[in-house]
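Asker: Can you keep this structure in mind? I'll have questions shortly.
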Amino acid sequence: MRAGGGGIVVRFTLNGREVEVTTRPNATLLDLLRNELKILSVRRGCETGECGMCTVLVDGLPVRSCLMLAPQVDGRSVTTVEGVGDPERLHPVQEAFVEAGAVQCGFCTPAMVLTAKALLDRDPNPDERTVKEAILGVLCRCTGYAKIVRAVRLAAERVAGGVRE
Amino acid sequence: MNRFNTHIIPVAFEYHEPRTIREALELLARWGEDAKILAGGTDLLVQMKMRRVEPKCLINIKGIPELDYIREGPTGVRIGAATRLRRLERSGAIKRLFPALHRAIRWMASVQVRNMATIGGNLCNASPAADTAPPLIVYGARVKLASVSGERTLPVEDFFTGPGQTAMRPGEMLTEIWIPRQPEVTGSAFIKVARTAMDLAKVNVAVALTLKGWSAFNVRIALGSVAPTPMRAREAEAALEGRPPTEDLLRRVGEIASEEIRPITDVRSTAEYRREVTKVIVADALREALGMVRVGGVA
Ligand SMILES: Cc1cc2nc3c(=O)[nH]c(=O)nc-3n(C[C@H](O)[C@H](O)[C@H](O)COP(=O)(O)OP(=O)(O)OC[C@H]3O[C@@H](n4cnc5c(N)ncnc54)[C@H](O)[C@@H]3O)c2cc1C
Ligand code: FES
Ligand code: FES
């Protein structure tokens, strides 16, 4: 692929749907999702990779959308929290967040849910340390993390039917 | 740091996604110093938002399959420059053969960042605090640099020339890191002191040594964030070389290392603290490496 300073066409799968957008090569994936595609669950935080608010899944792996260029997702699959369950049928991770009371202001919640989902997709039975390690890259200024860790382990129980001590 | 963050990428550039090393090198030759390689982007995009670098051309090397591998061979392990940290952290070969490197990678940044960041990017960014540098230096690793006119290799130790500066010439890129197998009865360790796991090191240290009888040989001690480049503490190494590693001697070696370093005071730490903590972590890392040899034999 090649593009000058002007427009560039990026095609990718967003939450299971094919999308095609014209954007600038110097737009980040975060810019593309928020400004062009109006997906506001992907938050703009520090913009330097530290806070994790902009987390999305690219080909199933959690990454920082503020540190990726829009053209880098050409041909790939991007998941935001809109692609994880819906208000009628929540994903087990979302259910567990509600039940464990792991949400306060909700600013970090999309990033937490995506990070937890990616973890459980790969390791359905994570120990507490693994859960903490996974969410260490997503800052929450409200909950103190205990309920979030509990929620992820509750979701693991539901999905896999058990957790390790 | 955030004070200068523009929150956008305030420069326009051409964007290329070569599929082979050859194509990437041709682009580099054509664009010269106006081009920047984009690997994980976890350093570069931040620097672009801060307007610290303003390239006219970005060459994304993440789509080049021949730069993404971990190959275990008879003499050592070869790693493609664009191999992601997360993949290295999950590699059995890295964990078994180079535990200090494995430890360094596991405690870098966060899972999300390690899913993006590459080992080549960590070296080429040439931060004095780069966490993979001290372990690679003590293991005697070499980097392979390529340009349209050929290839050369260099010890990692000689790769860094200053903060953000490397021995790479215009038109060159890093393609491979080679880490030799360590002799039997070698122990190694890595310790990082930082405010939180996500942070860059205030000080980091890697050590490796081989035990013959009661004495330590091939002693290597490398430190980061204590000088303009990652550095070896050669006087400290010499003090231990060929001698039995007694408690008194290990403490003395830590003190010598602490005198050898050239730390500055910056946002992360003071020079004074860096000197104090160096004494302690050099001795701790040596103890850990020795413990590893005594228990496990080869490590
Ligand atoms: C939140 C956060 C936490 C971090 N924590 C740590 C930490 O704990 N320890 C640590 O050491 N680092 C840390 N970093 C820094 C960074 O993630 C690492 O240095 C990473 O390994 C850089 O790799 P990259 O692939 O993202 O490099 P990029 O940003 O893509 O590139 C970095 C530089 O190297 C050049 N480059 C890259 N690959 C090549 C190549 N093959 N040939 C020639 N030039 C090349 C680029 O042009 C650029 O100048 C952190 C970063 C963030 C955002
Ligand atoms: S906005 Fe991307 S990590 Fe903070
Ligand atoms: S719930 Fe408010 S930041 Fe996490």
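The values are calculated or read from the model by the stated rules, or taken from the named source; none is laboratory data. Bear in mind that the values here come from a model prediction, so they are computed numbers and not experimental data. Don't worry about glycine lacking a Cβ; one is built from the backbone with ideal geometry, like all the others, and counts go over all protein chains shown. Note: areas computed on protein heavy atoms with side chains; ligands, DNA, RNA excluded. Shrake-Rupley method; radii C 1.70, N 1.55, O 1.52, S 1.80 Å.
Asker: Per 0.36 nm of contour for each residue apart, how much would the distance between B:R152 and B:N5 grow if the chain were fully extended, relative to their Cα-Cα spacing? List each step's numbers first, then the result.
Answerer: Numbers: separation 147, 0.36 × 147 = 52.92 nm, distance 3.72 nm.
Here the segment from B:R152 to B:N5 would lengthen by 49.2 nm.
Asker: By how many degrees, 0 to 90 and rounded to 10, does the Cα axis of helix A:109-122 deviate from the longest principal axis of chain A?
Answerer: Its long axis makes an angle of about 80 degrees.
Asker: Run through the range B:203-299 and list the chymotrypsin sites (Phe, Trp or Tyr not before Pro) located in a DSSP loop whose Cβ has at most 15 other Cβ atoms within 10 Å.
Answerer: Details: sites: B:W214, B:F217, B:Y273; in loops: B:W214.
Filter output for the range B:203-299: B:W214.
Asker: Place the peptides B:107-114, A:142-149 in order of packing, highest mean first, counting for every residue the other Cβ atoms within 10 Å and averaging per peptide.
Answerer: So the peptides B:107-114, A:142-149, ranked by packing, come out B:107-114, A:142-149.
Asker: Let me test this: with uniform point scatterers at the alpha carbons of chain B, what is the Debye-based log₁₀ I(q)/I(0) at q = 0.07, 0.10, 0.15 1/Å?
Answerer: Each listed q maps to, in turn, -0.27, -0.54, -1.16.
Asker: Still on this structure, I have one more. Taking all pairs of distinct Cα atoms, average 1/r, flip it, and tell me the Kirkwood hydrodynamic radius of the range B:1-151 in Å to one decimal place. Intermediate results must be reported in sequence, preceding the final value.
Answerer: On the way: mean 1/r = 0.0608 Å⁻¹.
Every distinct Cα pair counted, the radius reaches 16.4 Å.
Asker: So if I take the centroid of the Cα atoms in the range B:132-190 and the same for the range B:242-256, what is the distance between those two points in Å?
Answerer: That distance is 28 Å.
Asker: Can you give the mean number of other chain Cβ atoms that lie within 10 Å of the Cβ atoms in peptide A:49-57? Can you show the working numbers first?
Answerer: On the way: counts 13, 9, 1, 5, 0, 1, 3, 1, 2.
Across the residues of A:49-57, the mean count of other-chain Cβ atoms within 10 Å is 4.
Asker: Rg/Rh for chain A: what does it come to with C-alpha atoms and Rh from Kirkwood?
Answerer: On the way: Rg = 16.2 Å, Rh = 16.3 Å.
Ratio of gyration radius to Kirkwood radius: 1.00.
Asker: Just the projected area, averaged over all directions, of the convex hull on the alpha carbon atoms of the range A:92-164: how many nm²?
Answerer: Values: hull surface 15.8 nm².
Directional mean of the projected Cα hull area for the range A:92-164 stands at 4.0 nm².
Asker: Taking every eigenvalue of the Cα gyration tensor of the range B:186-294, multiplying by 5 and rooting it, what semi-axes result, largest first, whole Å? If you can, show how the numbers build up before the last one.
Answerer: Values: eigenvalues 117, 37, 22 Å².
Each semi-axis is √(5λ); the values are 24, 14, 11 Å.
Asker: In addition: What is the diffusion coefficient of the range B:137-188 in µm²/s, taking the Kirkwood radius over Cα pairs and the Stokes-Einstein relation at 25 °C with a viscosity of 0.890 mPa s?
Answerer: Details: Rh = 12.2 Å.
In µm²/s, the coefficient rounds to 201.
Asker: Continuing with the same structure: Under the √(5λ) rule applied to the eigenvalues of the Cα gyration tensor, what semi-axes describe the equivalent ellipsoid of the range B:14-60? Give them in Å, descending. List each step's numbers first, then the result.
Answerer: Numbers: eigenvalues 74, 28, 9 Å².
The answer is 19, 12, 7 Å, longest axis first.
Asker: Tell me the net charge near B:E272. Cut-off is 14 Å between Cβ atoms, B:E272 excluded, with +1 for each Lys or Arg and -1 for each Asp or Glu.
Answerer: Working: positive: B:K202, B:R262, B:R268, B:R274, B:R275, B:K279; negative: B:E259, B:D266, B:E276.
Spelling it out: positives minus negatives among the neighbours equals +3.
Asker: If you don't mind, there's one more thing I want to ask. Within the P(r) computed for the range B:35-116, what percentage of the Cα pairs occupies the region above 22 Å?
Answerer: On the way: 1153 of 3321 pairs.
Result for the distance tail: 35 percent.
Asker: To the nearest 10 degrees, how steep is helix B:247-260 against the longest Cα principal axis of chain B, on a 0 to 90 scale?
Answerer: On a 0 to 90 degree scale, this one is about 40.
Asker: What's the buried accessible area, both sides, between B and A using a 1.4 Å probe, rounded to 100 Å²?
Answerer: Numbers: alone 13810 and 8660 Å², together 19540 Å².
About 2900 Å² of accessible surface is lost on pairing.
Asker: Across 20 Å bins from the origin, how do the percents of Cα pairs in the protein assembly as shown run, short distances first?
Answerer: Reading the bins upward from 0: 24, 53, 22, 1.
Asker: Let me ask another. Distance check, please: which entries in B:K49/B:K144; B:K95/B:K192; A:K117/A:K147; A:K117/B:K62; B:K36/B:K56 exceed 19 angstrom between their Cα atoms?
Answerer: On the way: B:K49/B:K144 30 Å; B:K95/B:K192 17 Å; A:K117/A:K147 16 Å; A:K117/B:K62 25 Å; B:K36/B:K56 8 Å.
Exceeds cut-off: B:K49/B:K144; A:K117/B:K62.
Asker: For the range A:144-158 and the range B:45-96, compute the distance between their C-alpha centroids and round to whole Å.
Answerer: 33 Å
Asker: Moving on. Net charge around A:V56, counting only other residues with Cβ within less than 12 Å of its Cβ (Lys, Arg = +1; Asp, Glu = -1)?
Answerer: On the way: positive: A:R34, A:R43, A:R64, A:R76, A:K117; negative: A:D59, A:E82.
Taking every Cβ under 12 Å from that of A:V56, the sum is +3.
Asker: Using a Förster distance of 41 angstrom, determine the FRET efficiency expected from the C-beta separation of A:N15 and B:F217, and round it to 0.05.
Answerer: On the way: r = 58 Å, r/R0 = 1.42.
Calculated value: 0.10.
Asker: Moving on to the next point. Across the residues of A:131-137, average count of Cβ atoms on other protein chains within 10 Å?
Answerer: Values: counts 0, 0, 5, 3, 3, 7, 9.
For peptide A:131-137, the averaged partner shielding equals 4.
Asker: How many nm separate the modelled label positions at B:A29 and B:D199, each set 7 Å beyond the Cα in the direction of the Cβ?
Answerer: Distance between the two pseudo-spin positions: 4.6 nm.
Asker: Work from the charge dipole of the protein assembly as shown (Cβ charges, +1 for Lys and Arg, -1 for Asp and Glu, about the Cα centre) and give the residue of A:G144, A:C108, A:G52 farthest towards its positive end.
Answerer: A:G144
Asker: What percentage of all Cα-Cα pairs in the range A:8-80 are separated by more than 17 Å?
Answerer: For the range A:8-80, the fraction of Cα-Cα distances above 17 Å is 33 percent.
Asker: Moving on to the next point. Mind checking the range A:72-104 for GluC sites (Glu not before Pro) that DSSP puts in a loop (not H, G, I, E or B) and that have at most 12 other Cβ atoms within 10 Å? Don't skip to the answer; put the middle values down first.
Answerer: Working: sites: A:E82, A:E88, A:E95, A:E99; in loops: A:E88.
Filter output for the range A:72-104: A:E88.
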